[in-house]
């Protein structure tokens with residue numbers, strides 16, 4: 001069975017263990033919600049799963065194959081949405097999306113579909129500097145379905161979104177999962193995800209493992 | 001290849017939409033070069049003598065001034081981590097950004113250089129050599145600068161740090177760039193100096209992308 005798996009993951013940031021002994025398994029089409037108080041390592045875990053930072057211990061497996069030995073390969077599976085929107089203010093919305101689509105070799109039809117999904121079609125020719133914070137977030141979200149990346153990693157995707165946009169996001173996630181895609185979301189807000197597992201980072205405290213891993 | 005050109009194209013488009021940034025570099029170049037005669041006096045022979053050196057040094061300073069922007073904007077708005085996750089190897093990302101940087105700073109400086117040469121009463125016969133030496137030398141400055149620009153990401157006051165990191169590395173380019181023009185002025189043949197500049201370009205083209213890419217990966221960690 002195909003599984004995106006983490007075993008006994010440990011994450012060190014600045015010499016301090018953020019979490020330790022963290023394990024999970026996410027099947028194709030699955031969704032996972034990351035919860036936990038501020039500073040419990042939700043963002044760190046997402047960056048770790050994206051391959052931006054390396055775990056200090058434990059292993060990551062994609063369909064049984066180790067991820068950490070082939071990080072370049074893994075990074076191409078990932079569509080990542082961080083705290084920052086990566087929007088260029090002087091480019092129009094369509095140009096912003098066209099760049100990321102061109103980089104990933106995606107067809108231009110996907111750009112129109114992505115704009116439509118997040119109700120940005122009317123704004124397509126507007127320079128992104130004129131957008132509100134919520135609209136910028138929608139533009140960042142519209143980047144996700146551009147490529148066929150099977151793993152979506154979303155860090156607080158609903159920040160600044162109105163109710164209709166949050167629904168559009170839930171629909172986009174559902175469509176992605178219907179095609180066998182996986183989603184991992186870190187959020188404080190309520191996001192309607194059918195049959196989602198929940199991983200509470202508060203259950204994997206980092207304290208106490210510091211010395212063991214530093215020495 | 002398409003992805004690479006997409007990145008170059010986006011950076012050029014960004015520079016084109018923010019023309020003031022590129023124009024400022026050229027204006028800085030012309031102004032600083034124009035200020036020297038006020039300091040050393042308007043004696044034509046002296047100006048013709050120091051002309052090549054002044055042009056090269058001010059061009060170098062102008063490039064340094066523009067380096068901070070190379071990766072910083074992408075780093076601050078989150079584009080850089082997406083580029084790291086993207087399909088392009090980081091070394092190629094660096095090369096694309098360096099090419100766009102050179103096209104928007106090095107090339108305009110070369111276009112402006114004849115104006116300064118005229119100002120300094122430089123022998124027109126040496127002008128082709130001056131432009132050729134800049135054509136070979138300024139890309140080296142962009143390449144070396146990219147390493148510095150990558151290393152300062154995440155540091156406070158990075159813009160001040162870049163010259164400290166990059167300036168010492170650029171001295172050979174300065175020496176051979178000026179020597180080429182001086183040789184042409186003395187009818188000694190500038191070819192060896194230009195060949196050395198060409199060698200520097202090839203060496204930095206081969207080595208700096210790896211260094212800068214490592215710095216960028218470190219920055220997004």
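The values are calculated or read from the model by the stated rules, or taken from the named source; none is laboratory data. Note that the structure is a prediction, hence the values are computed from the model and not measured. Every residue, glycine among them, receives a Cβ derived from its backbone with ideal geometry; neighbour counts consider all protein chains shown.
With B:85, B:72 as the choices, which residue is in contact with a strand residue (DSSP E or B) (Cβ under 6 Å, 6 or more places away or on another chain), under 30 Å from residue A:48 (Cα atoms) and surrounded by 16 or more Cβ atoms within 10 Å (Cβ to Cβ)?
Of the residues listed, the single one that is in contact with a strand residue (DSSP E or B) (Cβ under 6 Å, 6 or more places away or on another chain), under 30 Å from residue A:48 (Cα atoms) and surrounded by 16 or more Cβ atoms within 10 Å (Cβ to Cβ) is B:85.
In the stretch B:139-155, which residue that is in contact (Cβ under 8 Å) with a residue 12 or more places away in the chain and surrounded by fewer than 24 Cβ atoms within 10 Å (Cβ to Cβ) is nearest to residue B:97 (Cα to Cα)?
Selected residue: B:139.
Yes/no per residue for (1) outside any helix (DSSP H, G or I); (2) buried (at least 22 other Cβ atoms within 10 Å of the Cβ):
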residue	(1), (2)
B:32	no, no
B:38	no, no
B:42	yes, no
B:57	no, no
B:92	no, no
B:100	no, no
B:103	no, no
B:113	no, yes
B:127	no, no
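Condition test on residue A:164, is it surrounded by fewer than 16 Cβ atoms within 10 Å (Cβ to Cβ) and farther than 19 Å from residue A:86 by Cα?
It is true that residue A:164 is surrounded by fewer than 16 Cβ atoms within 10 Å (Cβ to Cβ) and farther than 19 Å from residue A:86 by Cα.
If I filter the stretch B:193-213 for residues that are in a loop (DSSP other than H, G, I, E, B) and either more than 14 Å from every other protein chain (Cβ to nearest Cβ) or touching a strand residue (DSSP E or B) at 6+ places or on another chain (Cβ under 6 Å) (or both), do I get at least one hit? Working first, answer last.
Let us first name the residues in the stretch B:193-213 that are in a loop (DSSP other than H, G, I, E, B), namely none.
No; the residues of the stretch B:193-213 include none that is in a loop (DSSP other than H, G, I, E, B) and either more than 14 Å from every other protein chain (Cβ to nearest Cβ) or touching a strand residue (DSSP E or B) at 6+ places or on another chain (Cβ under 6 Å) (or both).
Scan A:56, A:50, A:28 and give me the residue that is over 19 Å from the mean Cα position of the chain (by Cα) and either at pLDDT 85 or above or buried (at least 21 other Cβ atoms within 10 Å of the Cβ) (or both). Steps first, please.
Values: A:50 fails: over 19 Å from the mean Cα position of the chain (by Cα); A:28 fails: over 19 Å from the mean Cα position of the chain (by Cα).
Of A:56, A:50, A:28, the one residue that is over 19 Å from the mean Cα position of the chain (by Cα) and either at pLDDT 85 or above or buried (at least 21 other Cβ atoms within 10 Å of the Cβ) (or both) is A:56.
Could you list, in sequence order, the residues of the stretch A:74-91 that are at the interface with chain B (Cβ under 8 Å from one of its Cβ atoms) and more than 13 Å from residue A:148 (Cα to Cα)?
Matches in the stretch A:74-91: A:82, A:83, A:84, A:85, A:86, A:87, A:88, A:90, A:91.
Quick one: residue A:71 ticks every box in (1) part of a helix (DSSP H, G or I); (2) away from chain B (no Cβ under 11 Å); (3) farther than 30 Å from residue A:112 by Cβ; (4) out of contact with any strand residue (DSSP E or B) (no Cβ under 9 Å at 6 or more places or on another chain) bar one, so which box is it?
(2)
Restricting to the stretch A:91-123, give me the number of residues that are at pLDDT 90 or above and not in a helix (DSSP H, G or I).
Residues meeting the conditions: 5.
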